[in-house]
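Each remark here refers to the structure printed beneath this line.
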Amino acid sequence: MRIAAFQRRLSAFRNSRSAMRSNGSIYVAVVFAVLFGYFGYQWWLNPSRAVKHRLGEIAAVLSMPPDEAGIARVARLSELRRYLADDIYIRAGALPAITSREMAVAAAAAWQPPPGGGDVHFADVQVFMESSNAAHAYLAVELTRINPESGQAVIDAGDASVDLRKRGGEWVVTKVQSKEPTPGLPSPR
C-alpha cells in the first residue's frame with residue numbers, strides 16, 4: 001500500500017513537471033514572438049527609419065568622389081531631383097533663399113567640389129514624426145574632405161533643420177533651414 005501511494009505521488013510529480021515544461025516553453029515562445037515583432041517593426045516599418053534612410057540617400061548623392069568625370073557628376077546630381085519637393089524652400093543664414101527644386105539642383109551643379117572630393121554625412125539625426133505624412137529632422141551636416149597641403153581629413157560642419165513630407169508614397173524634403181551655411185557645401189549665390 002505504501003509503495004502504491006509513493007508511485008501515485010511520483011507519477012503526479014512527474015506530470016506536474018511535464019506541465020510546467022510545456023507551459024514554460026509556450027511562455028518563452030510567446031516572448032520571442034513579441035520581441036521579434038517589435039524589433040521587426042522598428043527595423044522595417046517604423047516611419048522614422050524610412051526618413052533617416054531617405055536622408056542617408058540624400059547625403060550619398062551630395063557626396064563627391066575624387067576625380068569624378070563631368071557626366072558622372074551630372075548623373076549623380078540628377079538623382080537629387082527625386083528627393084526634393086517641387087516647392088522646396090532652402091534658407092542658409094543671410095544668403096538668398098532657394099525656392100524651387102530646379103534652383104536647388106542648379107546650385108548643387110554650379111558648386112565646385114574641393115580637390116579630392118568630399119563625403120557628406122548627416123550626424124546626430126533626430127527625427128520627429130508630426131503625422132504619418134510629415135516629419136521634421138534636426139541634424140548636423142558634415143563634409144569630410146582632404147586638405148591638399150597636409151593630406152589630413154578636414155571636417156566642416158553645420159546644423160540644419162529639415163522638413164519632409166510623404167508625396168506619392170516617397171519622402172521628399174520640403175524645407176531646409178540653417179542659421180549659417182555649412183562651409184564647403186553648395187549655397188545659393
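With the alpha-carbon atoms as the only input, what is the per residue convex hull volume for the range 34-189 in Å³?
Details: hull volume 20.4 nm³, N = 156.
Cα convex hull per residue, to the nearest whole number: 131 Å³.
Label point 7 Å out from Ala134 along Cα-to-Cβ: which residues of the range 143-175 have amide N under 15 Å?
Taking a point 7 Å out along Cα→Cβ of Ala134, the residues of the range 143-175 whose backbone N falls under 15 Å are 162-167, 172-175.
Would you mind ranking Val34, Val125, Val51 by Cβ crowding within 10 Å, fewest neighbours first? Numbers along the way, then the final one.
Numbers: Val34 10, Val125 16, Val51 21.
Exposure proxy ranking, most exposed first: Val34, Val125, Val51.
Between the DSSP loop rule and a limit of at most 15 other Cβ atoms within 10 Å, which chymotrypsin sites (Phe, Trp or Tyr not before Pro) in the range 41-92 are left?
Within the range 41-92, no chymotrypsin sites (Phe, Trp or Tyr not before Pro) qualify (loop, at most 15 other Cβ atoms within 10 Å).
Give the lysines reachable from Lys166 as a straight Cα distance under 16 Å; neighbours fewer than 8 places away on the same chain don't count.
Candidates past the 8-residue exclusion: Lys52, Lys175.
Find out how many positive minus negative residues lie around Ser100, taking Lys and Arg as positive, Asp and Glu as negative, among other residues whose Cβ is under 9 Å from that of Ser100.
On the way: positive: Arg101; negative: Asp86, Asp87, Glu102.
Around Ser100, the charge tally is -2.
Calculate, for Ala123 and Lys175, the FRET efficiency according to 1/(1 + (r/R0)^6) with r their C-beta to C-beta distance and R0 30 Å; round to the nearest 0.05.
Numbers: r = 20 Å, r/R0 = 0.67.
It comes out at approximately 0.90.
Enter the Cα centre distance for the pair the range 111-179 and the range 44-109, rounded to the nearest angstrom.
9
Counting other beta carbons within 10 Å of each residue's own, what order do Glu149, Glu57 fall into, fewest first? Mind dumping the intermediate values first?
Numbers: Glu149 6, Glu57 15.
In increasing order of surrounding Cβ atoms, one gets Glu149, Glu57.
Rule-based calculations on the coordinates, nothing more; no lab input. Source: prediction; values computed, not measured. Glycine also receives a Cβ, built like all others from the backbone with ideal geometry; neighbour counts cover every protein chain displayed.
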